[in-house]
1. Scan the strands (runs of 3 or more DSSP E) fully inside region 21-110 and keep the ones with 1 or more residues being under 29 Å from Ser122 (Cα atoms), near the ligand (Cβ under 9 Å from one of its atoms) and of a type in the set (A, V, I, L, M).
2. Looking at region 152-181 only, could you name the residues that are within 14 Å of Ile106 (Cβ to Cβ) and buried (at least 21 other Cβ atoms within 10 Å of the Cβ)?
3. How about region 125-139: which of its residues are away from the ligand (no atom under 12 Å from the Cβ) and either touching a strand residue (DSSP E or B) at 6+ places or on another chain (Cβ under 7 Å) or within 15 Å of Phe208 (Cα to Cα) (or both)?
4. Need pairs with beta-carbon distance below 7 Å; first residue of a type in the set (A, V, I, L, M, F, W, C) and within region 159-177, second more than 16 Å from the ligand (Cβ to nearest atom) and not in a loop (DSSP other than H, G, I, E, B); sequence gap 6+ or separate chains.
5. Select from region 204-227 the residues that are part of a loop (DSSP other than H, G, I, E, B) and away from the ligand (no atom under 16 Å from the Cβ) and write down the one among them that is surrounded by the fewest Cβ atoms within 10 Å (Cβ to Cβ).
6. Can you tell me how many residues in region 40-57 are touching a helix residue (DSSP H, G or I) at 6+ places or on another chain (Cβ under 8 Å) and either surrounded by fewer than 20 Cβ atoms within 10 Å (Cβ to Cβ) or not aromatic (Phe, Trp, Tyr) (or both)?
7. For residues that are assigned to a helix (DSSP H, G or I) and more than 20 Å from the chain's Cα centre (by Cα), scanning just region 7-20, find the one that is farthest from the ligand (Cβ to nearest atom).
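Bear in mind these aren't lab numbers, they're just calculated from the coordinates by the rules spelled out. These figures come from a predicted structure and were not determined experimentally. Cβ placement follows ideal geometry from the backbone for every residue including glycine, while neighbour counts extend to all protein chains displayed.
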Amino acid sequence: MVNINLIRKSNLAFKLSGHVSSLVAVFVGATSGIGLGTLKQYAKYAQGGKAYIIGRSKSAAQPLLDELKESNPTGTFEFIETEISLIKNVDLACDQIKTKEKKVDILFMSPGFLAWGGRIESAEGIDVPHALRYYSRLRFVYNLLPLLTESPSPRVISILAGGKESAIDINDLEVHNDFTFAKAAANGTTQTTLAFEELAKSYPSITFIHKYPGFVDTGVIGRFLSTVTGPMAIPATIAKWAVLPIVNWFSTTIDEAGERGLFLGTSARFPPSNPKTDFVGVELPQGVEVASASVVKDGVGNGVYRLGPLDDSAPDGDVLPGYRLDDVGKRVWEETQALWDRCLSRAA
Ligand SMILES: NC(=O)c1ccc[n+]([C@@H]2O[C@H](COP(=O)([O-])OP(=O)(O)OC[C@H]3O[C@@H](n4cnc5c(N)ncnc54)[C@H](OP(=O)(O)O)[C@@H]3O)[C@@H](O)[C@H]2O)c1
């Protein structure tokens, strides 16, 4: 585990380093929760620097934008207002960034919600929560790869459920058959890790992080329990009012999750497989070591990190070794691209 005090030390070292003022970060899903916590820490420590914030409502985010500017008067915070469960909107948002920037250093993604029940189809035909947790996030990665590869130490971070990968139906990657929200959530988790491992083979200068944050007091579970209907509604209501407050008591605060989020984006604990330059992040404080990558061959890690709540590398688990042997990552990545094509032809 990485102690929070060491993380604070690292974040302070980041602030004092020469790399902060030219940073460009892209935050997707940072209008609340873990993304918001990380964005605020970024503003606090990256004196100067630039952040694009992709969200649904600029007017709702205006108090946040004012707060960020107050915290970091020389920083630039640009809000791109759009609904990113649609792939075509992800493309338009990325086009805006590409016209203005030559590089992106940090892509931090945490959008999503959990909803009880069946598919909530977008106009492009994807289940909306599934798009937010996987298909739209990966589209941001795909679109921004040319800019990420221009950064000296590029990071892609997805806050979801790294380390919780489980068996998925590889003949139904989109979860069309026997859909449940839990099945879709599990599928998004496994596909994220496999897609990151596939991308890391072609983009070895990029660090890819898939993190399970543990319980963070963002309200996401309470909102989920409010969506439960039918016979489970009563236990869900009891859980919401009687159990959740106790769980929240022990959960991580948004501020601390944000400190950890900034650490993921900046620390040398997470080097890429083949760095472009000598700089692979802020030097490690004493007591912190380089994390274990998800695949290590001949002593060289693949630059993909599956992390638990305290930023430790998760053990491999039961399913990933077999999926790697069967090249399932390649299939996941090909089908992901095919699904985007279908979405975009439907939108045209
Ligand atoms: N918090 C936890 O305890 C926990 C535990 C395990 C995993 N996770 C996962 O970690 C990620 C982040 O969690 P969190 O607790 O920080 O979430 P959160 O507080 O609920 O924040 C979610 C973000 O997603 C955006 N969002 C929600 N619905 C959207 C939609 N239809 N279109 C576009 N954006 C939408 C929200 O934007 P608006 O402001 O516009 O609503 C917000 O910025 C999620 O994938 C969650 O499942 C969280």
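1. Here the list reads 24-28, 50-55, 106-109.
2. Start the filter on region 152-181 by keeping residues that are within 14 Å of Ile106 (Cβ to Cβ), which leaves 152-159.
Passing the criteria: Ser153, Pro154, Arg155, Val156, Ile157, Ser158, Ile159.
3. Leu138, Arg139
4. Ile170/Val328; Ile170/Arg331; Leu173/Val332; Leu173/Glu335
5. Pro204
6. 11
7. Leu16
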